[in-house]
Each structure stands twice: as structure tokens, then as C-alpha cells.
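> This is the structure, below, for whatever I ask next.
The values are calculated or read from the model by the stated rules, or taken from the named source; none is laboratory data. This one's a predicted model, so the numbers in the text were calculated from it and none came from an experiment. Cβ coordinates were reconstructed from backbone atoms using ideal geometry, including for glycine residues, and neighbour counts include every protein chain displayed. Protein only, heavy atoms only, side chains kept; ligands, DNA and RNA dropped before computing areas. Shrake-Rupley method; radii C 1.70, N 1.55, O 1.52, S 1.80 Å.
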There are 2 protein chains.
Amino acid sequence: MSEHNHIPLHSLKVSCSSCSLRELCLPVGLNREEMSQLDTVIRQSRRLKRGEYLFHSGESFKSLFAVRTGFFKTCVASQDGREQVTGFQMSGELMGLDGISTGNHSCDAIALEDSEVCELPFNRMETLSRDIPSLQHHFYRLMSREIVRDQNVMLLLGNMKAEERIAAFLLNLSQRLSTRGFAANDFILRMSREEIGSFLGLKLETVSRTLSKFQQQGWIAVDHKHIQLVKVDDLKNLISGCSHANGH
Amino acid sequence: MSEHNHIPLHSLKVSCSSCSLRELCLPVGLNREEMSQLDTVIRQSRRLKRGEYLFHSGESFKSLFAVRTGFFKTCVASQDGREQVTGFQMSGELMGLDGISTGNHSCDAIALEDSEVCELPFNRMETLSRDIPSLQHHFYRLMSREIVRDQNVMLLLGNMKAEERIAAFLLNLSQRLSTRGFAANDFILRMSREEIGSFLGLKLETVSRTLSKFQQQGWIAVDHKHIQLVKVDDLKNLISGCSHANGH
DNA sequence: CGGTACCTTGAGCGGCCTCAATCAAGGTGG
DNA sequence: CCACCTTGATTGAGGCCGCTCAAGGTACCG
């Protein structure tokens, strides 16, 4: 019966202290006792199927969510229906920070593959962070990091050309995957061309064309969602230097 | 001598409890005693001349700053020198939240007119927020609001056409000015066309042309930096509805 | 008065979008 | 097993929006 719920709850109690993501996630800098206090607050983890919503925009905000396994996108919509993907989240990354502001989520969070998240009831986190200064500090840092990340996306959307955006996107993914122990130059895209385009402010055809172009130049290998980075330095040159500066 | 310092310090001690901005700024929801605790933490206010930097990107982060009077822009730069204005701040708005993340400011903050700010030493704010739950909560909300704001800018930069961006920009300014008691439909731009363009992901010529276009249509009146909104509904239609929906 | 910063307007070009056709992969039912 | 549909990706052709380059114009200021 519990296996057939629409929103199945994982029966195993999760534990930060034993989680392989603790270096990437919330518990950074906590000692053992503080960690076990944190454990008492974390709710059971929740499993989601591909395509399932973790939360909807407008929904009442109760909890933050940390990705344990899987892959998510978050997106905002304007009044007239236009949609913008605001980010892609992988293991150890937090979702829902936008909801604190008004008490309602301001974006949708959708699983791009079968995933598992930890639920962090916010008011309990808030109380706990008063007793654990390093947790409070880490929380402030997390939110600040999100602001910095958003500012960099603004820079990308405001200044960069299509090729530069795609290069920056691939390199960003590569970097995040490698800090999680995955291959930096050989990975599977979890999102569609349209979702990449929505995130980067491009149409899906432009994304497709640009990937093809990179492949023709021998910089990457594309096989549907399977991407291999062949000449990372050339990709980096595209975004950090002017085009006339040739690699090394 | 103090008047001729490069970074002059205003000699008057500021006080949140007597500040006309207290409904817009940090003290929201504090009782009298909490407010006086906050007062002890706020440093002397600092005056800046037009064009002066409040902080530079890369500088060590010590304090947040709240605008008392005047007008600021914040901007980030990419490695190859491209610059993106990430926001304009007016009275009661906070700057520096991005610095918490790494301990260094990640953007520049520059006064667009002679201005005055309150300095909020962050580690003292952090300590104080442990004793005043409503202050802690308000801090979380402020940071979250910044995240939501950035997401909306991302939506603008990723989805909107030039006319829509300009309309959204004017309406946003109008709204913020009116909550501060200024006229909503008659104001002076504090920033140049180029700065508007940088914020909106457009070139200054496009900004200028679009403003002229709006004027020709009788939606606004433009006299250099003096802007009057004549047909607010038409501007709103431009962004929220499809163009065929005419406002009654 | 000359100098400078800023704004406006025009002409032409180019990058990305739009529209559309084709193709591959996966699911379903006969 | 194949016919059929759906979904997503690729590729082409053409058009438009915003950029680039350029030439004034205007306000401010030493």
C-alpha cells in the first residue's frame, strides 16, 4: 500500500551523519553532536518519479529540499505563460530558498529523472540554527551563494552570445559533476534541448545547432544526450578570453 | 579635516528607531527593545559622492549596507571585462548580501548620486539575530526576496523583447518609488541609458530608441532623465498580456 | 567658450528566431 | 512482428529584431 502512494515516502529514516553528501550539503562544519541534532529535524526522504513536481509555484512553503539522488529543474513563469528555467539541481544542492520570502514557493521544482530528496522543515531549521551558530552561518552562506549564482546567470543572459552560453553551460555541468566524483568530460544530459534553451535564453533549435557546431569543430562529441568534452580549453577560451586568444 | 576624507564618515549616530525607513528596511517586526539592540550594532552612516564606490568586487566582506538616501547600482564583471548591472538600489534596500557566500564581495556597488548608507557589521548582525528570532527570520526573508528578484530578472533577460524589458523596468521603478512616497508617474532616472541597457541586456541605442518609440505612442513623456508615465495600462499590457489584448 | 559626457537618430548588417520538413527512438496495439 | 503515433532532435530557408558603426545634437562645466 505504501508502495503505491502517489507521493511515496521512503520508509528509511535518513541521516546526515551517515550521508555521503555531507561535505556538499547542509552539515558542512558541524561537529558530531550538532550533526545528530540536525538529524532529528530532517524528515523522511521522499522519492519522485521522472516528471513529478516536488512543489508548485504558489504552493505554501514549509520545507527546503536537498537532492540526495537524481536531478531537478526549477522554473518560474510569467503571467502570460512564458516559462524560464532558473536552474538545474543535482545531489547535495538545495531547492526552495525562494519560498522563505513570502511563505509561498515562487517557482516549480520538477524531477528530471527518478530522484530522492531530503525534506528540511524550515521553521525547525530556523529554530535549530539559533542554537547552532555554525548552522546559522552556513545557511546564510548557502543563500548568499544562490544570489551569486543567479547574478552570474544574469551576466550570461545579458552579455553572452549563443556559443558562449552553451560553452559556459557545459563547463558548469562538467565542474559540478566532477566535484561529485563523476567523470568531468563524459556525461549524460538529464534535460532536453528545450530545457537547456529555456535556461540559457535560447530556442531549442539554436541549442541543437550550436552543439552540432561544437562537434564539427571537434570540441565535443554529441550522441543525443550523451556529451563528451574533447577540447575543454577551447570551450574555456570561448567564454573567458576573446576569440582571437588561442589556447595555451 | 574629517570633511575632506576620501571616505567621509557622517558624524551623527544613526538610529533605526527614529528612521523614516524603518518600515521598509531591516527593523520590520521588531519591538522597541529589539530595535534599540539593533541600534547599538548599526555603525555610523557613511556618505558617498556620485560615482564613488561603496565596495569593490573581490574586497573583503565585513558589512551589509542599507541605503538611507540616494541611489546605487551593483554590477558584476566577467573575466574578459564584460560588465552586467545586476540591480539598482534605492532607500531602504540592502547591498552586499552576495559577499556572505565567500567572505568577499562578488560585485561592485557604486553611488549614482550623492548618497548615504547605514553600515551593518555582518558578524554582529549574525550574533544579534540569534537573540532576536524575528530579526533572524527577517534576514532569511530578505535574502530570499533577493533570490526571487534575481529569478524575475532572469525571466526578463531570457524571455522578453526589448520593448517588454523597458516597460517592465519603468513599471518596476514606478512601483518602488511610489511605495517610498514619491510620485509613481513622474520621476527622474538616476542612471544613464547605458546602465539601463546593461541591466536589461540591451545596448544603449536600443534603450534610447525604445523610449522614443513609447513617447511617440503617447505612453510616456521623455525629457532626458525626466520620465512621465502617461498610459500605465498600455505599458502593463505590453508585459503581462499578449499584444492583442487591449486595456479596456 | 571649448571640452566632455550623454543622448538621439539613421543605415546596414548579422545572429538568432520562426516556420517547417525530416529523422530517430520508444511505446502501443493489432 | 510491423504499422502507427508520439516525443525529441536535427537541419534548412527566410525574416526580423537588436547590434554595430556613424553622425550629429544637447546639457553641463571648467
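> Over the alpha carbons of the range A:2-132, what is the largest minus smallest coordinate on each principal axis, giving the biggest first in Å?
Its Cα atoms span 49, 34, 24 Å along the three principal axes.
> Excluding B:S134 itself, calculate the net charge of residues whose Cβ lies under 14 Å from the Cβ of B:S134, where each Lys or Arg counts +1 and each Asp or Glu counts -1.
In short, +1.
> Sticking with the crude label model, points 7 Å out along Cα→Cβ, report the distance from A:Q44 to A:R32 in nm, one decimal please.
Going by the 7 Å Cα→Cβ label model, 2.9 nm.
> Per residue, how many Å² of accessible area does chain A show with a 1.4 Å probe?
Normalised by residue count, the accessible surface of chain A is 48 Å².
> Same structure again: How big, on average over all directions, is the shadow cast by the Cα convex hull of the range A:127-206, in nm²?
Mean projected area for the range A:127-206: 7.0 nm², to one decimal.
> Pick from B:N185, B:N104, B:N172: which is most flexible by mean-square fluctuation in a GNM of chain B where alpha carbon atoms under 10 Å apart are linked?
Its mean-square fluctuation being the largest, the pick is B:N172.
> What does the range B:160-240 give for Rg and for Dmax, in Å, if only its C-alpha atoms count?
Final numbers for Rg and Dmax: 11.5, 32 Å.
> Go ahead and run the numbers for FRET between B:D80 and A:S178, Cβ-Cβ distance against an R0 of 22 Å, rounding to 0.05.
Working: r = 24 Å, r/R0 = 1.08.
Given R0 = 22 Å and the Cβ-Cβ separation, E is 0.40.
> For the pair A and B, how large is the buried accessible area, both sides, in square angstrom to the nearest 100, if the probe is 1.4 Å?
4400 Å²
> Further, regarding this structure: What is the percent of Cα-Cα separations in the protein assembly as shown that go past 31 Å?
49 percent
> Where does the protein assembly as shown land at 222 nm, in deg cm²/dmol rounded to the nearest 500, when only DSSP H runs of n ≥ 4 count, each adding -39500 (n - 2.57), divided by all residues?
Per the formula, -12500 deg cm²/dmol.
> Gap in Å between the Cα centre of the range A:125-140 and the Cα centre of the range B:194-225?
Rounded to whole Å, the Cα centres lie 45 Å apart.
> Multiply the residue separation of A:D131 and A:E59 by 0.36 nm, subtract the distance between their alpha-carbon atoms, and state the gained length in nm to one decimal.
Taking A:D131 through A:E59 to full extension adds about 23.0 nm, to one decimal.
> How big is the equivalent ellipsoid of chain B along its three axes, where each semi-axis is √(5λ) from the Cα gyration tensor, reported in whole Å from largest to smallest?
For chain B, the ellipsoid semi-axes come out as 33, 20, 18 Å.
> Given springs between every Cα pair under 10 Å in a Gaussian network model of chain B, which of B:I227, B:I147, B:I42 has the largest fluctuation?
B:I147
> To the nearest 0.05, how large is the calculated FRET efficiency for B:D186 and A:S17 if R₀ is 60 Å and r is the Cβ-Cβ distance?
E between B:D186 and A:S17, to the nearest 0.05, is 0.50.
> Who wins for biggest fluctuation among A:H138, A:H224, A:H56 in a Gaussian network model of chain A, springs between alpha carbons below 10 Å?
Looking only at A:H138, A:H224, A:H56, the largest GNM fluctuation is found for A:H224.
> Only four residue types carry charge here, +1 at the Cβ of Lys and Arg and -1 at the Cβ of Asp and Glu. Report the dipole size of chain B about the Cα centre in Debye, rounded to the nearest 20.
240 debye
> Between the range B:144-169 and the range B:39-76, what's the alpha-carbon centroid distance in Å?
The range B:144-169 and the range B:39-76 have Cα centres separated by 24 Å.
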